[in-house]
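First the structure, in the form of structure tokens, and then the observations on it.
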Amino acid sequence: MVGIGMLGWLLIWGGFASAQVDQKATLDRQFKSAVALYDAGRFPEAATQLEALLPQAPDVYEVQELLGLVYASQSQSGKAIDHLQAAVRIKPDSAEARTNLAAALSHAGKLELAGEQLRKALELEPNDFDANHNLAEFYVQAGRIGEARPLLERAQKINPESYNNGYDLALADFLTGRLDEARQLVQKLVQQKNTGELHNLLGQINEKDGHFVAAENEFETAAHMDPSEDNLFVWGSELLLHRTYEPAIEVFEQATKRYPASPRLMIGLGMALDLRGRYDDAVKALLTAADLDPTDARCYVFLSKAYGSSPNQAEDVIARFRRYAELEPKNALASYYYAMSLWKGRRATDSGVDMEAVESLLRKAIELDNNLPEAHLQLGNLYADRHEYEKSIPEYEAALRLDQNLADAHYRLGQGYVHTGQKDRAQAEFERYQRLRAQQMAELDKERAEVRQFVYSEKGAPSAKP
């Protein structure tokens with residue numbers, strides 16, 4: 001009996017072991033099939049297969065990891081994080097698992113948690129290129145350049161042939177003022193891989209270092225090698241900043257033909273044409289820019305300065321400012337621009353001006369933002385033109401409280417004082433006006449500063465390599 005019993009148990013155990021082997025083989029086939037589906041980009045099918053497999057292998061690292069990656073590929077961040085966290089629990093010493101989890105957390109906007117996982121990955125593998133580079137890139141994207149740079153430098157020593165890491169290190173050097181180091185590294189990278197973005201970065205390095213001719217040459221090279229919208233804008237704007245207007249016009253004209261739907265290229269063209277004195281063409285370009293992006297405030301800043309020299313297009317200009325005011329009813333500048341286009345534009349064409357509408361729009365601009373000196377100045381001018389000096393004086397005074405350098409406001413305030421019998425106060429305002437008139441170049445510098453502000457805001461800093 002005992003012998004038979006033992007034999008029976010051996011037979012049963014052998015059958016169970018055989019079943020386990022068969023089950024494992026089946027699971028392996030199912031997993032390999034899911035991997036193939038994932039590699040082929042058939043993510044929903046891969047997810048279905050892995051979800052069916054999961055109850056039989058809840059603690060298998062590879063299953064949880066792949067399922068997390070599948071959901072991440074479908075931008076299902078919540079599910080991706082759940083499975084990638086499970087993978088990390090199963091294999092806490094895997095730097096790869098923590099890196100994948102960090103990517104999912106970052107995509108879900110959980111940046112602090114993502115950084116924590118990347119730091120743990122680096123602790124696990126301090127001499128690994130990817131661990132150093134990934135954490136550095138995370139810091140670059142967060143604007144923490146000082147923390148990124150040592151990691152990029154270490155990664156570069158581990159793998160000096162990495163183009164992406166080399167680019168990021170040169171970028172970090174540029175952003176932290178290590179211009180010589182940045183220039184040397186970019187020049188080395190150019191020998192390894194000659195790209196337009198490297199010449200663009202080298203141009204920005206040279207520009208920041210005051211080597212403007214060298215910068216312009218690099219921007220031109222970048223645009224020829226890679227005529228992207230960014231590179232063409234940077235090249236054209238560099239020419240614009242240094243007042244070489246004809247070449248800037250030529251670059252922007254070619255760029256707008258290549259990228260006709262780009263508002264910033266069209267604004268750049270309008271600015272270049274205006275500064276060259278081609279006012280009608282400038283207004284046409286700026287009107288086109290306004291149509292491409294009707295809510296782009298920068299377009300209207302330059303259009304408000306250019307249209308006064310192109311009265312033949314007054315109705316078109318007014319229509320754009322009207323639309324802007326309707327699209328931005330809470331925007332004080334939109335109301336101000338619309339008021340001035342009605343007033344100055346139509347007056348230039350000697351047609352009727354609805355001054356009540358102008359006054360209403362100026363009042364609205366001031367109600368929306370009482371800190372607009374130009375709105376107070378123009379409302380004061382409107383009252384003065386009506387000989388309503390008692391009403392104009394408070395507006396001029398308000399404008400000057402906000403900006404003491406408004407020469408016209410001092411002059412018009414002096415006139416207001418004359419008409420109300422305040423001769424001493426009038427004389428003081430006229431003297432201030434004369435002093436400011438002697439500093440008219442400051443106004444030109446202000447206009448150039450507006451050009452620079454637009455250019456630099458659009459150029460920005462180069463981006464880290466993903």
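The values are calculated or read from the model by the stated rules, or taken from the named source; none is laboratory data. Remember, it's a predicted structure, so these values are computed and weren't measured experimentally. Every residue, glycine as well, gets a Cβ built from its backbone with ideal geometry; the counts of neighbours run over all protein chains shown. Ligands, DNA and RNA are stripped out before the accessible areas are found, and what is left, the full protein with its side chains, is counted by its heavy atoms. Shrake-Rupley method; radii C 1.70, N 1.55, O 1.52, S 1.80 Å.
Counting residues in the range 316-325 that are open to solvent by 40 Å² or more (accessible area, probe 1.4 Å), of a type in the set (A, V, I, L, M), touching a helix residue (DSSP H, G or I) at 6+ places or on another chain (Cβ under 8 Å) and closer than 17 Å to residue 363 by Cβ gives zero.
Would you mind stating whether residue 336 is without any contact (Cβ under 8 Å) to a residue 40 or more places away in the chain and of a type in the set (Phe, Trp, Tyr)? No, not satisfied.
Of all residues in the range 80-105, those that are in a helix (DSSP H, G or I) and farther than 20 Å from residue 129 by Cα total 13. Checked against the criterion of being modelled with pLDDT of 95 or more, of a type in the set (A, V, I, L, M, F, W, C), buried (at least 16 other Cβ atoms within 10 Å of the Cβ) and farther than 24 Å from residue 363 by Cα, the range 272-284 has no qualifying residue.
Elements of the type helices (runs of 4 or more DSSP H) sitting completely within the range 310-394 and holding at least 2 residues that are more than 34 Å from the chain's Cα centre (by Cα): these cover 355-368, 373-385. Selection within the range 125-147: residues that are open to solvent by 70 Å² or more (accessible area, probe 1.4 Å) and over 25 Å from the mean Cα position of the chain (by Cα). The member of this set that is farthest from residue 79 (Cα to Cα) is 127.
Given the residues 272, 306, 290, which is the only one that is part of a helix (DSSP H, G or I), at negative phi and in contact with a Lys or Arg (Cβ under 6 Å, 6 or more places away or on another chain)?
290
Going through the range 419-441 one residue at a time, which ones are open to solvent by 50 Å² or more (accessible area, probe 1.4 Å), within 21 Å of residue 394 (Cα to Cα) and not charged (D, E, K, R)? Correct list: 419, 421, 422, 427, 430.
Would you pick out the residues in the range 44-72 that are open to solvent by 50 Å² or more (accessible area, probe 1.4 Å) and part of a helix (DSSP H, G or I)?
Listed by number, the residues that qualify are 44, 45, 48, 49, 51, 52, 55, 56, 62.
Candidates in the range 116-141 are the residues that are outside any helix (DSSP H, G or I) and in contact with a helix residue (DSSP H, G or I) (Cβ under 7 Å, 6 or more places away or on another chain); of these, the one that is nearest to residue 101 (Cα to Cα) is 125.
Can you confirm whether residue 360 is closer than 21 Å to residue 315 by Cβ, open to solvent by 50 Å² or more (accessible area, probe 1.4 Å) and modelled with pLDDT of 95 or more?
yes
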